[in-house]
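Contents: one structure, followed by commentary.
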Amino acid sequence: MAEEILLDVQHLTHVFPLNRRMSVRAVDDVSFQIRRGEIFGLVGESGSGKSTAARCVMNLYRPRSGRILYKGIDTCDAAAFRANRRMLQTTRQLIFQDTSSSLNQRMRVWDIITEPLRIQRVVPPRGSLRAEAAFQMHYVGLDESFLDKYPPELSGGQRQRVAIARALAMEPELLVADEPIASLDVSIQAQIVNLFKHLQQEHGFSFLFIAHDLAMVEFLCDRVGVMYRGRLVETAPTAELFSNPLHPYTRALLSAIPIPDPRRERSRQLVTFHGEDLPPGGALREAGPDHFVLRSSGSGED
Amino acid sequence: MAELLEVKNLSVSFFTPAGEVQAVRNVSFSLRPGEVLAVVGESGCGKSVLCKSIMKLLPRTARIQSGSIVVNGADITGCRERDMHRLRGKLFSMVFQDPMTALNPTMTLGAQIGEAVRVHQPGLSGGAVRQRVMELMTLVGIDRPEERMKLYPHNFSGGQRQRGVMAIALAGSPSILFADEPTTALDVTIQAQILDLLRDVQARLGTATVFVTHDLGVVARVADRVAVMYAGRIVETGTAEEIFYDPRHPYTWGLLRALPALNRGRDSLYTIPGMPPNLAHPPAGDAFACRNEYALAIDYEEEPPMFRVTDTHYAATWLLDERAPRITPPIGGAHG
């Protein structure tokens, strides 16, 4: 394919030990790819392993097995990581859900935004650190009057913009956003989602966008992966996934999207999906162009 | 029909070092038995304060400035804490947003529900309390209650915990249930289940529910009536059908237009420009005027009264005045 693959996750497995005997397979044999300039959405209920997968991608967790290739470099390989440390640490950035804990409450906004520059000893391309912070603020739609404020003085949407500005300060290529809009108001969610879309279309950023709000995912993402209990059960281009969901869990998930229309909403039937319905094992099979579904090894077409 | 709860011209202020903050301004609404009223608005619009002031759970810095709260024909506006204590749980109870902080992590779920049952029915024997706890757990859809009542909150998933919180809230068989963003912390699938549960409980027990949320999308499923709040005021109220199919207030238009479901195929989502006003210094005139693309000159000078659209549908916008120019609403009408 002509498009360059920016991130290639292959058979990623991460296990959290609970005690000597028990452990949780938080991410189990998950493979997906993100192409350059693409927004890839990862959806699933809480505890399905989507955040764990994101943290593995960002080298915050060391996976039990599997490979994560970023621009062809195996980020889990210590030697390869050391050799490309600077590139890996600057071109991948993470945005968290809860800005009241991901931003230091005792630092001013411009300090927060330029901290990565100081850590990486980057000479600010726009003269001074303050000018750099002001530039990034404009980029995310905040004006300079916020530069000397502290995070608690800002609203949730403004804080999330500061967190995005901090991530953008390093001029990254891949942004990993872990439920960046889950704790925001609907109208603010729309602003942040528009900002992401703008960053992708105008500036060619690639995103790994994690969310449980499917309506937003449908609007924002190019391709979507659905996770359930640590497994990737289905992945497809957004339009294809929403019009032709094949896995029963995807169908259950899609049936739960609220419709802002009382008459249709009240007649909407919820599709339920039980964990027992998901047989262990199986592999992703191609069901259509770029559309993959988890099928257990024995079963045929449903 | 007799009103179960009637709030008239309620104003609540917080007294902070920075001055008086008018969190709720001149709010009136009523609730009939067995009805679900959704209160919708952005964070900071006063919707939680409204619930808490009815239950008298406000911090000391807050005071009810004016207005009255009448429940079952009795005025409780001036009730002292001792009297309120008796009313809470029986007359009304509350479900909070975050089920993790609402539950005690060191007590089993059964013990916590049992505690609520004992408070409301002090004479009950141990076996009868157990029986009632299992009944409540079944009611809120926690299956195998005999086993589950011995488990701690951390053994449960978010949705199950929220069910537990609801069991506690329902222990005193309240006539009014306040649900303050009960599904915001939950996933879509679980959210739909909890909404169905709310609806089911309300239908079975006849409990009137005040459902507080910032997401108009979830309201369509549960609400009989909707009240849209902005900057401490109710700006539009009507039946769910009226609000979704024939919204009249520009703020309601904005909230609906921001929903991604109504933006399919568009390049960007609609956003309401600007920020909500600071309620320490509310602007003169309509608080929404500076964010309102349909604002009229009078909006900056005088606050609009509630204009009647139908007997159940009212909206506070000068656009409904007979002298106002006719504009085509950007939304609504299409489904009707």
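The values are calculated or read from the model by the stated rules, or taken from the named source; none is laboratory data. What you see is a predicted model; the values in this text were computed from it and never measured. We place every Cβ from the backbone using ideal geometry, glycine too, and count neighbours over all the protein chains shown. Protein only, heavy atoms only, side chains kept; ligands, DNA and RNA dropped before computing areas. Shrake-Rupley method; radii C 1.70, N 1.55, O 1.52, S 1.80 Å.
What FRET efficiency, computed as 1/(1 + (r/R0)^6) with R0 = 25 Å and r the Cβ-Cβ distance, is obtained for B:ARG63 and B:ASP98, rounded to the nearest 0.05?
The computed FRET efficiency comes out at 0.40.
Among B:HIS120, B:HIS214, B:HIS313, determine the one that fluctuates most according to a GNM of chain B built with springs between C-alpha atoms less than 10 Å apart.
With Cα springs under 10 Å in chain B, the top fluctuation among B:HIS120, B:HIS214, B:HIS313 is at B:HIS120.
If you roll a 1.4 Å probe over the heavy atoms of the protein chains, what accessible area per residue do you get for the stretch B:211-287, in Å²?
28 Å²
Roughly how big is the stretch B:193-277's charge dipole about its Cα centre, with Cβ charges of +1 (Lys, Arg) and -1 (Asp, Glu), in debye to the nearest 20?
For the stretch B:193-277, the charge dipole is close to 100 debye.
So for the pair B:GLU135, A:ARG20, with labels modelled 7 Å out along Cα→Cβ, what separation do we get in nm?
Those two pseudo-labels are separated by 4.7 nm.
For B:217-224, what's the mean count of beta carbons from other chains sitting within 10 Å of each residue's beta carbon?
5
Mind grabbing the interface size between A and B? I mean buried accessible area, both sides, 1.4 Å probe, in Å² to the nearest hundred.
In total, this chain pair buries about 3300 Å².
Could you check the spin-label model distance between A:THR272 and A:LEU60? Points 7 Å from the Cα along Cα→Cβ, value in nm.
Each label point lies 7 Å from its Cα, and together they span 3.4 nm.
Can you tell me the Rg and the Dmax, both Å, for the Cα atoms in chain B?
In Å, with Rg to one decimal and Dmax whole: 21.0, 68.
When 1/r is averaged over all different Cα pairs and the result inverted, which Kirkwood radius in Å belongs to the stretch A:107-217?
Result for the stretch A:107-217 stands at 14.4 Å.
Below 22 Å Cα-Cα, how many Lys pairs turn up in chain B? Only count pairs eight or more apart in sequence, or on different chains, if you could.
6
Give me the net charge of A:GLY282's neighbourhood, meaning all other residues with Cβ under 9 Å from the Cβ of A:GLY282; Lys, Arg count +1, Asp, Glu -1.
Local net charge: +3.
Across chain A, where is the longest run that never hits trypsin sites (Lys or Arg not before Pro) in a DSSP loop with at most 11 other C-beta atoms within 10 Å?
Answer from the scan: A:122-302.
Quick one: among A:ILE34, A:ILE259, A:ILE113, which has the greatest mean-square fluctuation in a GNM of chain A with alpha-carbon springs under 10 angstrom?
Comparing A:ILE34, A:ILE259, A:ILE113 in a Gaussian network model of chain A, the most mobile one is A:ILE259.
What's the local net charge at A:ALA236, with K and R +1, D and E -1, over the other residues with C-beta under 15 Å away?
Residues close to A:ALA236 contribute a combined charge of -2.
For every other residue with a beta carbon closer than 11 angstrom to the beta carbon of B:ASN26, add +1 if it is Lys or Arg and -1 if Asp or Glu, then tell me the sum.
+2
Leaving out ligands and nucleic acids, note down the accessible area per residue over the stretch B:92-173 with a 1.4 angstrom probe, in whole Å².
Heavy-atom accessible area per residue stands at 45 Å².
Could you tell me the ratio Rg/Rh of the stretch B:88-163? Both radii from Cα atoms, Rh via Kirkwood.
Taking Rg over the Kirkwood Rh, I get 0.94.
Residues of the stretch A:16-50 with accessible area at least 10 Å² lower in the all-protein-chain context than alone (1.4 Å probe)?
Residues meeting the cut-off: A:GLU45, A:SER46.
Please report the projected area of the protein assembly as shown's Cα convex hull averaged over all directions, in nm².
About 32.1 nm², averaged over all directions.
Grab the alpha carbons of the stretch A:5-295, take their convex hull, and tell me the volume per residue in Å³.
152 Å³
Could you give the alpha-carbon Rg of the stretch B:218-336 over 2.2 N^0.38 Å, rounded to two decimals?
That works out to 1.05 for the stretch B:218-336.
Over the stretch B:92-173, what percent of the accessible surface lies on carbon and sulfur atoms, probe 1.4 Å?
In the stretch B:92-173, the share of accessible area belonging to carbon and sulfur is 53 percent.
Okay, which of the stretch B:182-216 sit inside 15 Å, backbone N to the point 7 Å along the Cα-Cβ direction of B:ASN72?
Taking a point 7 Å out along Cα→Cβ of B:ASN72, the residues of the stretch B:182-216 whose backbone N falls under 15 Å are B:206-208.
Per residue of chain A, what 222 nm ellipticity follows from adding -39500 (n - 2.57) for every DSSP H run with n ≥ 4, rounded to the nearest 500?
When only DSSP H runs of four or more count, the value is -9500 deg cm²/dmol.
From other protein chains only, count the Cβ atoms within 10 Å of every residue's Cβ in A:189-200, then give the mean.
The mean count of partner-chain Cβ atoms within 10 Å per residue comes to 4.
Which Cα, out of A:GLN10, A:PHE292, A:LEU199, lies furthest along the positive dipole direction of chain A (beta carbon charges, K/R +1, D/E -1)?
A:GLN10
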